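K.L.:
Questions regarding the structure given below will be posed in turn.
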Amino acid sequence: MTDTAAVAKIVNSFANALIDVCKSMGIEVSLDKTNISSDSRFPNNRAAALIGFVTPTIKGTIGLLVEEPSFNEIVTVMSGGSIVPSLSDSLALSVIGELANMTSGRAFIQSNTSEISITPPQLLTGELIMAVPSAEDTVRSFTLPFTMRSGNKIYLVLTINA
């Protein structure tokens, strides 16, 4: 049985954390609440950072998926222009991993989650990156779409087993 309150707490914590972390880095984003869904098939995603987590009651995965223009903007802003955005450069890709790390840390602090284990980010790049939702009844998937001030998109995909 899914603990709905715990899942809602995690989802809300991640939404707020991504907004807060981006703002602290000089990137303005807003959550497009009307388009939150369980679908995670957005054809223009070119880079992703995945982080797994386990608490005593919930385990799951956080995916931060970005389109190439979003990737370029995030890398440029977060590095102060010192890293040239390139999907084939591991240093540039690590910026997306760091954004996922910072967002995860902030989310778990905001939600007062204790006894948590988090994996290092796994970085992916390519065409047609998408998360495939689980068919298990105990697994819930959420895709939270964010729009950057520039109009570029960031997708936060949460898959939670509670």
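The values are calculated or read from the model by the stated rules, or taken from the named source; none is laboratory data. Note that the structure is predicted; figures quoted are calculated from it, not measured. With ideal geometry, Cβ positions are generated from the backbone for all residues, glycine too; neighbour counts draw on all protein chains shown.
K.L.:
If you check Val84 against the conditions, is it of a type outside the set (Asp, Glu) and within 17 Å of the chain's Cα centre (by Cα)? Before you say what the answer is, go through the steps one by one.
P.N.:
On the way: of a type outside the set (Asp, Glu): yes; within 17 Å of the chain's Cα centre (by Cα): no.
So Val84 fails the test.
K.L.:
Does any residue in segment 4-21 that is over 10 Å from Phe142 (Cβ atoms) come within less than 7 Å, Cβ to Cβ, of a residue that is β-branched (Val, Ile, Thr) and surrounded by 16 or more Cβ atoms within 10 Å (Cβ to Cβ) six or more places away or on a different chain, and which pairs are these?
P.N.:
From residues that are over 10 Å from Phe142 (Cβ atoms), the pairs are Ala6/Ile58; Ala17/Thr103; Leu18/Val29; Leu18/Thr103; Ile19/Val29; Val21/Thr103.
K.L.:
Taking the criterion of being out of contact with any strand residue (DSSP E or B) (no Cβ under 7 Å at 6 or more places or on another chain) and among the charged types (D, E, K, R), would at least one residue in segment 60-74 satisfy it?
P.N.:
If we filter segment 60-74 for residues that are out of contact with any strand residue (DSSP E or B) (no Cβ under 7 Å at 6 or more places or on another chain), which is where we start, we get 69, 72.
From what is left, the residues that are among the charged types (D, E, K, R) are none.
The answer is no, given that none of the residues of segment 60-74 is out of contact with any strand residue (DSSP E or B) (no Cβ under 7 Å at 6 or more places or on another chain) and among the charged types (D, E, K, R).
K.L.:
Which is under 16 Å from Phe108 (Cβ atoms), assigned to a helix (DSSP H, G or I) and touching a Phe, Trp or Tyr at 6+ places or on another chain (Cβ under 8 Å), of Val11, Val21, Val7?
P.N.:
When all the criteria are applied, what remains is Val11.
K.L.:
Across segment 1-37, which residue is surrounded by the fewest Cβ atoms within 10 Å (Cβ to Cβ) among those that are within 12 Å of Met102 (Cβ to Cβ) and small (Gly, Ala, Ser)?
P.N.:
Ser24
K.L.:
Check every one of the strands (runs of 3 or more DSSP E) wholly within segment 81-162 and list those with 2 or more residues that are among the small types (Gly, Ala, Ser) and modelled with pLDDT under 95. Walk me through how you get there before you give the answer.
P.N.:
Working: elements: 122-125, 139-148, 153-161.
Output list is empty.
K.L.:
List every residue pair whose Cβ atoms sit under 7 Å apart, with the two residues 6 or more apart in sequence or on different chains, where the first one lies in segment 39-68 and is without any contact (Cβ under 8 Å) to a residue 12 or more places away in the chain and the second, anywhere, is crowded, with 20+ Cβ neighbours inside 10 Å and not β-branched (Val, Ile, Thr).
P.N.:
none
K.L.:
Now, a different point. Return yes when Thr103 is under 16 Å from Val29 (Cβ atoms) and without any contact (Cβ under 8 Å) to a residue 24 or more places away in the chain and no when it is not. Let's see the steps before the verdict.
P.N.:
Working: under 16 Å from Val29 (Cβ atoms): yes; without any contact (Cβ under 8 Å) to a residue 24 or more places away in the chain: no.
In short, no.
K.L.:
From the residues in segment 43-80 that are of a type outside the set (A, V, I, L, M, F, W, C) and part of a strand (DSSP E or B), which one is surrounded by the most Cβ atoms within 10 Å (Cβ to Cβ)? Explain how you work it out, then say what you get.
P.N.:
Step one: list which residues in segment 43-80 are of a type outside the set (A, V, I, L, M, F, W, C), which gives 43-46, 52, 55-57, 59-61, 63, 67-70, 72-73, 76, 79-80.
Subsequent filtering for residues that are part of a strand (DSSP E or B) retains 45-46, 52, 59-61, 63, 67.
On the way: Asn45: 28, Arg46: 19, Gly52: 16, Lys59: 15, Gly60: 20, Thr61: 18, Gly63: 24, Glu67: 19.
Residue satisfying both the conditions and the ranking: Asn45.
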